[in-house]
Amino acid sequence: MERLIVLILAVFLTVGCVGKSFGDHTNLWNSWVGLTKDDRVRELGIPTRCHQFKNGGEMCEWPYRTGIDGADIVNLSFNSKGIVCQWGYRGFYGDRRSEATCQ
């Protein structure tokens with residue numbers, strides 16, 4: 001019985017940490033909106049791939065470690081001036097997007 005209680009507590013703590021963890025990442029990614037592509041490359045390194053849009057905008061993606069799974073990807077959309085206007089995430093927490101969007 002004591003082992004069961006310890007196991008249940010461990011599960012609740014793990015789930016609680018995971019939920020909080022994604023919120024921390026969301027706050028970080030939101031802080032990137034309005035920064036330049038050069039700023040992101042300096043911090044994150046060269047993106048694994050980018051796509052140029054006809055309107056002059058661009059989307060680039062980087063592998064991202066949330067501490068849970070190694071297959072996470074963060075993509076950033078840039079307007080024609082090279083400013084981050086939206087982020088996207090795909091990985092352990094599912095597919096997520098910022099509230100901010102490119103105009």
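The values are calculated or read from the model by the stated rules, or taken from the named source; none is laboratory data. Just so it is clear, the model here is predicted, and its values are computed rather than measured. Reconstructed Cβ throughout: ideal geometry from the backbone, glycine too, with neighbour counts over all protein chains shown. The accessibility values were calculated without ligands, DNA or RNA, using every heavy atom of the protein model including side chains. Shrake-Rupley method; radii C 1.70, N 1.55, O 1.52, S 1.80 Å.
Looking at this structure, is ARG65 touching a strand residue (DSSP E or B) at 6+ places or on another chain (Cβ under 7 Å) and open to solvent by 70 Å² or more (accessible area, probe 1.4 Å)? Steps first, answer last, please.
Working: touching a strand residue (DSSP E or B) at 6+ places or on another chain (Cβ under 7 Å): no; open to solvent by 70 Å² or more (accessible area, probe 1.4 Å): yes.
For ARG65, the condition - touching a strand residue (DSSP E or B) at 6+ places or on another chain (Cβ under 7 Å) and open to solvent by 70 Å² or more (accessible area, probe 1.4 Å) - is not met.
Pick out the one residue from VAL41, VAL6 that is farther than 16 Å from ALA100 by Cα, modelled with pLDDT of 95 or more and part of a helix (DSSP H, G or I). Can you show your working first?
Details: VAL6 fails: modelled with pLDDT of 95 or more.
Selected residue: VAL41, the only one of VAL41, VAL6 that is farther than 16 Å from ALA100 by Cα, modelled with pLDDT of 95 or more and part of a helix (DSSP H, G or I).
May I ask you to list the residues in region 68-103 that are touching a residue at least 60 places away in the same chain (Cβ under 8 Å) and within 16 Å of LEU35 (Cβ to Cβ)?
Across region 68-103, the qualifying residues are SER98, ALA100.
Any residue that is modelled with pLDDT of 90 or more and in a loop (DSSP other than H, G, I, E, B) - is there at least one of those in region 11-34?
Scanning region 11-34 turns up at least one residue that is modelled with pLDDT of 90 or more and in a loop (DSSP other than H, G, I, E, B).
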